Amino acid sequence: MTLSDQPTLPAMPQPLPTPSLVQLVESLLFVAGEPVTRSQLAKTLEVAEEAIQSALDELTQLYQGRGVRMQRHNDQIQLVSAPESAPTIARFLGLQASGRLSNAALEVLAIIAYRQPITRAQVDAIRGVDSSGTIRALLARDLIAEAGRLETIGRPILYATTPTFLQQFGLASLTELPPLELPLQVVGDDS
């Protein structure tokens, strides 16, 4: 047997290039399946949170005008589909349109979104009616969640919006809520 008769050994695979921090953050967000925090990403990647924030800012810019967006809710980050794609995605997935929110539910949701964290009693005071049933309905739809307890007598539950709220309303973060326009009150006017 000569050297030329011997089978050729397969070539060694080329080593993969080292991914950038932005690529690693994007990969982790993609596989997470649920919101993650900057501190979770920093701990996993063994880098400072400032470096994670820089990578998140770069990804946010990259996703502008794309079919995927980065959604931030408090310190939680998640990749989501673009809100304008929702009808097509629902059709593709065969999803039925869920029931619409009542005017009362929209009112309570708006109060919670703009004043969060807020107690049910505070919502009731703003609306002038009992909101317990509406709050239960919003909790069931995962549009709001318990966000702690107020440090006062009775320790009432504080409510805040959820990442589902952001998804349903096509917001990347709470900073995208439209400005709240309140009527001006004349100084000295008791009405």
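Roughly what would the spin-label model give for Gln61 and Gln76, points 7 Å off Cα along C-beta, in nm?
So the label points at Gln61 and Gln76 sit 2.8 nm apart.
How much length is gained if the chain between Val31 and Thr18 is pulled fully straight, taking 0.36 nm per residue apart and subtracting their Cα-Cα distance, in nm to one decimal?
2.8 nm
How much length, in nm to one decimal, is gained on full extension between Phe169 and Ala125, taken as 0.36 nm per residue of separation minus their Cα-Cα distance?
Computed gain between Phe169 and Ala125 is 13.3 nm.
With every protein chain present, what is the per residue accessible area of the chain (1.4 Å probe, Å²)?
70 Å²
Along the positive direction of the dipole of the range 41-160 (beta-carbon charges: Lys, Arg +1; Asp, Glu -1; about the Cα centre), which of Leu79, Ala160, Asn103 reaches farthest?
The residue sitting most towards the positive pole is Asn103.
Using mean Cβ contacts within 10 Å as the protection proxy, how do 14-27, 38-51, 67-80 order, highest first?
Final packing ranking: 67-80, 38-51, 14-27.
With a cut-off of 8 Å between alpha carbons and a minimum separation of six or more residues, what is the relative contact order of the chain in percent?
So the answer I get is 17 percent.
For Asp142 and Ala11, what does the FRET efficiency come to when R0 = 41 Å and r is the distance between their Cβ atoms, rounded to the nearest 0.05?
0.20
Hey, got the dipole for the range 1-91? About the Cα centre, +1 on K and R Cβ, -1 on D and E Cβ, debye to the nearest 20?
Using only the charged Cβ atoms, the result is roughly 320 debye.
Hey, what D do you get for the chain in µm²/s if you plug the Kirkwood alpha-carbon radius into Stokes-Einstein at 4 °C and 1.567 mPa s?
So the translational diffusion coefficient is about 63 µm²/s.
Could you give the dipole magnitude of the chain about its Cα centre, charging the beta-carbon of Lys and Arg +1 and that of Asp and Glu -1, in debye to the nearest 20?
560 debye
The values are calculated or read from the model by the stated rules, or taken from the named source; none is laboratory data. What you see is a predicted model, and the numbers here were worked out from it, not measured in a lab. Note that we place each Cβ from the backbone using ideal geometry, even for glycine, and neighbour counts take in every protein chain shown. Accessible surface is based on the protein model in full, side chains and every heavy atom, while ligands, DNA and RNA are left aside. Shrake-Rupley method; radii C 1.70, N 1.55, O 1.52, S 1.80 Å.
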